[in-house]
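The values are calculated or read from the model by the stated rules, or taken from the named source; none is laboratory data. Remember, it's a predicted structure, so these values are computed and weren't measured experimentally. Neighbour counts are summed over all protein chains in view; Cβ atoms, including those assigned to glycine, are modelled from backbone coordinates with ideal geometry.
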Amino acid sequence: MILAELEIYHSRSVAPTRRIAVGDSRLPVEPAPGPGGLLLAVVVASGVVDLDDELRTDLAVLIKQVAAGLEIPQPRLRHRFQVDRIGLHSSSFHLIDRAGRLGLDEQAAYASPAQRVLGAVYAVRDLPRLLQPSVCELLQRAATWRGPIGPSLFDRLASEVDASSWHATLGDPMAWALDILRLPARSDIDRRAVQRQFRQMLRDAHPDHGAEDHGAAERIADLTEARRILLR
């Protein structure tokens, strides 16, 4: 079973310039850091072992800047981040569950160590802002990993997350999403009704509109992930 997916775009090894972009990914982060955050951490760990000390130092600074929501000066790790994917090659990474054991599945992953690390870190910026610091904490732990990408790594990282609460990726995600947004089960999804219900429930869940601060990040993450599932 695929729990999370990361797609990154990057320049080829023979290209005169070094560029990186984030592709279309599925990164559930409920509750934070969730399976999406765990996948990003594993991808970081898979590349950091082959970085030199200078790039590792830059990586640590970059993760802190992303966690703080700061603008990112370019280039980083000798690569320039961009939104445009034209002319770039893609690599995909999946977090998979094989009979209760987590693993990393790489699909045509030709990204260099620096490219896979940068792709994972920049992907954090597409996650809900309230949850980004929690994901970055896991990435910081992964950045210190120096061993193989195997059971020991997953055991170390998975101990930091609550896998029992990954409702959106285990079982029936459509049923879970409909329940979260309090919508009736039906074969055809009314996209306008989903958007309307999402906006109303997001307003009700936000502390700026009178909701409790405690648990707000988790409620907002649930609503955001439920909308994504129903509208994809």
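Points to keep in mind about this one:
- Boolean, Ile63 is of a type in the set (Val, Ile, Thr), out of contact with any Gly (no Cβ under 7 Å at 6 or more places or on another chain) and farther than 17 Å from Leu6 by Cβ: no
- Within the range 43-64, the only residue that satisfies the criterion of being of a type in the set (Asp, Glu), closer than 13 Å to Arg146 by Cα and either in a helix (DSSP H, G or I) or not assigned by TED's automatic domain parsing to the domain that holds Ala143 (or both) is Asp53.
- Scoring Leu102 on the criteria (1) over 24 Å from Pro33 (Cα atoms); (2) assigned to a strand (DSSP E or B) leaves a single failure, condition (1).
- Residue list for the range 182-210, restricted to those being surrounded by 13 or more Cβ atoms within 10 Å (Cβ to Cβ), outside any helix (DSSP H, G or I) and either at pLDDT 90 or above or more than 26 Å from the chain's Cα centre (by Cα) (or both): Leu183, Asp190
- Residues that are part of a loop (DSSP other than H, G, I, E, B) and crowded, with 24+ Cβ neighbours inside 10 Å within the range 32-42 comprise just one, Pro33.
- Residue list for the range 1-35, filter: touching a Phe, Trp or Tyr at 6+ places or on another chain (Cβ under 6 Å) and of a type in the set (Val, Ile, Thr): Ile20, Val22
- Within the range 83-111, tally of residues that are free of Cβ contacts under 8 Å to residues at least 60 places away in the same chain and touching a Phe, Trp or Tyr at 6+ places or on another chain (Cβ under 6 Å): 1
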